[in-house]
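Peer 1: Here it is, the structure, as C-alpha cells.
Please treat every number below as a calculation from the coordinates, not as lab data. None of the values given here were measured: they were computed from a predicted structure. FYI the Cβ positions are ideal-geometry reconstructions off the backbone, even for glycines, and counts take in every protein chain you see.
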Amino acid sequence: MKLAVLPGDGIGKEIVAQAVKVLDVLKGEGAGIEMEYGNIGGAGFDAEGDPLPESSLKLARAADAVLLGAVGGPQYDQLDRPLRPERGLLRIRKELNLFANLRPALLYPELAGASSLKPEIVSGLDIMIVRELTGDVYFGQPRGVEVRNGERVGFNTMIYSESEVRRVAHVAFAIAMKRGKKLCSVEKANVLECSELWRDVVAEVAKDYPEVELSTLYVDNAAMQLVRNPKQFDVIVTGNLFGDILSDQASMLSGSIGMLPSASLDENNKGMYEPIHGSAPDIAGRDIANPLATILSLAMMYRYTFADMATADRIEAAVKKVIAQGYRTGDIWTEGGNKVSCSAMGDAVVAAM
Ligand code: NAD
C-alpha cells in the first residue's frame, strides 16, 4: 500500500499524526505500508508557492490512496484566489478525478447527548451521503464577477452531463445495495433544468438496481426532513452544491464535526480520505483537536480502496471502544467524561486496537 500523506494546515498535522500511529501499529504487525509526505494548502503555498505543489500532485498520483488532514487559515485569506489553500483541495479532487464523495453521518449511542437534536430523533442514526464532487456550480463555466449596465454582477454555471450523473448514481446504488437498500436522490427539479436531467438519469440507472428502493426529494424538503426525521434515510445521493450543505447539516446530527470521516473516490476506487472538518485555526497547535474523524477516514480507506473489511472493522471497533470507555476530546466532552488531548486520544485508539 502506497499512501500519500498530506497533513495540510492548522490541526491537520496534529490529527494526521494520530492516524499515522494507527498505521504504525498495522505496519508493526507486518502490513506493507509505505507513507510519503507532501504539502498541500497553506503549507504548500508556504513551502513551494502553490496550494497544490507539483511534487504533491505527483506523489498523490503515484499513490494507491491519499490521507489528507485539512487546509486553510486566516493568514491565507488575502491571497489571490488561485493561491488560496482551498483551491489546492479543489484542484487535487479534480486532478485525481475523485467524483464520488462519501460522507457517513453516524451517531454513537454514547454521544447522543452531544447532538443538537433530541436523543430519540437521532439515536441509531446511520446515513451515508454520496455527494458528487467534481462538477456542478463549483466548476461550471462561465463564472466570474463583471460590470454589466453599470453595476457588478456575479455569476456561476450549474452544469451536469449525463455521464457525470450516471457514474455517481452507480456508486450510490452500489453502496445502497450493501446497506439498507434505500436511496434518496436530492435535487431541485421543480426549478432547475440541471436537476431535471439529474432526476431522469438517476431513474435510468435505478433500472440496474431493482432491489434498491429509490425516492426523490427537493433539496429544501430534504434539509427539513434531515432535522425532522433523519432516521428515514439510508443513502442520499446529490450534487456538489446541495451535498456540501446537506452533509454539513447531517454532521451536526451526530454531535461533532470532529467525528466524521469522508472518502472521495475515482472510477477505480482510488481514494482520498479526510475528515470533513476544516483546519480549525481557533484550536490549532494546542493538542486538543478530535482525531477520530481522521482515524475513521483510515477505516474508510481500508474498506473502499483496499477492500480490507477486517482492518476497517477493527479500526472502527477501536474507536467505538474508546468512546465506550469514556475518552472524550473537548468537542464531544460532557460532564463525567474523561477529557483527553488529541495525542492521548490517538494513544487510546492504538491501545484499543
Ligand atoms: P472548521 O471545520 O475548521 O471549524 C469549525 C469549528 O469546529 C471550529 O470551532 C473548530 O474548532 C471545530 N472543529 C473542527 N474540527 C475539529 C476537531 N477535529 N476537533 C475539535 N473541534 C473541531 O471550519 P471553519 O472554522 O469554517 O474553517 C477554518 C478553515 O478551514 C478555513 O480556512 C476553511 O476554509 C478551512 N476548511 C477546510 C476544509 C478542508 O480542508 N476540507 C473544510 C472546511 C473548512
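Peer 1: From the phi angles alone, apply the Karplus equation (6.51, -1.76, 1.60; θ = phi - 60°) to segment 105-114 and give each ³J(HN,Hα) in whole Hz, x where the residue is Gly or Pro.
Peer 2: Listing the rounded values in order: 10, 10, 10, 6, x, 5, 9, 4, x, 8 Hz.
Peer 1: Over the Cα atoms of segment 101-265, Rg to Rh with Kirkwood Rh, two decimal places?
Peer 2: 1.02
Peer 1: While we're on this one: Please list, in chain and number order, the residues 5+ apart from I129 or on another chain whose amide H is under 5 Å from its amide H, with Hs placed from the backbone.
Peer 2: HN-HN under 5 Å from I129: R103, A105, I236.
Peer 1: Something else about it: What residue among M224, M177, M128 has the largest mean-square fluctuation in a Gaussian network model of the chain, using Cα springs under 10 Å?
Peer 2: M224
Peer 1: Set Lys and Arg Cβ to +1 and Asp and Glu Cβ to -1, take the dipole of segment 101-265 about its Cα centre, and tell me which of N101, L241, G154 lies farthest positive.
Peer 2: N101
Peer 1: Between N97 and M177, how many nm apart are label points set 7 Å from Cα along the C-beta direction?
Peer 2: 2.1
Peer 1: Might you report the magnitude of the Cβ-based charge dipole of segment 101-265 about its Cα centre, with Lys and Arg at +1 and Asp and Glu at -1, to the nearest 20 debye?
Peer 2: That gives segment 101-265 a dipole magnitude of about 260 debye.
Peer 1: Still on this structure: With label points built 7 Å along Cα→Cβ from the Cα atoms of A206 and A324, find their separation and express it in nm.
Peer 2: A separation of 3.9 nm, rounded to one decimal place.
Peer 1: Let me ask something else about it. For the chain, what does the helix formula give at 222 nm: sum of -39500 (n - 2.57) over DSSP H segments with n ≥ 4, over the residue count, nearest 500 deg cm²/dmol? Intermediate values should be presented prior to the final figure.
Peer 2: Numbers: 12 runs with 139 residues, N = 353.
It comes out at -12000 deg cm²/dmol, rounded to the nearest 500.
Peer 1: A further question on this structure: Charges at C-beta only: +1 for Lys and Arg, -1 for Asp and Glu. How large is the resulting dipole of the chain about its Cα centre, in Debye rounded to 20?
Peer 2: 420
Peer 1: In the chain, what percentage of the DSSP-assigned beta bridges are antiparallel, given to the nearest 5?
Peer 2: In the chain, DSSP labels about 40 percent of beta bridges as antiparallel.
Peer 1: Follow-up question, since we're still on this one. Given DSSP loops and a limit of at most 12 other Cβ atoms within 10 Å, what is the longest stretch of the chain that contains no such GluC sites (Glu not before Pro)?
Peer 2: 30-210
Peer 1: Can you tell me the dipole magnitude for segment 198-353 around its Cα centre, using point charges on the Cβ only (Lys, Arg +1; Asp, Glu -1), in Debye to the nearest 20?
Peer 2: Rounded to the nearest 20 debye, it is 540 debye.
Peer 1: Picking from Q225, Q75, Q325, which is most flexible by a Gaussian network model of the chain using Cα springs under 10 Å?
Peer 2: Its mean-square fluctuation being the largest, the pick is Q75.
Peer 1: Name the long-range amide H neighbours of A289: under 5 Å, sequence gap of 5 or more, or other chain; modelled H, no Pro or chain starts.
Peer 2: Excluding prolines and chain starts, which carry no amide H, the hits are C342.
Peer 1: Still on this structure, I have one more. Over the alpha carbons of the chain, what is the largest minus smallest coordinate on each principal axis, giving the biggest first in Å?
Peer 2: So the extents along the principal axes, rounded to whole Å, are 58, 48, 39.
Peer 1: Could you name the aspartates and glutamates in cross-link range of K321, using Cα to Cα under 17 Å and dropping any fewer than eight places away on the same chain?
Peer 2: E110, D313, D347
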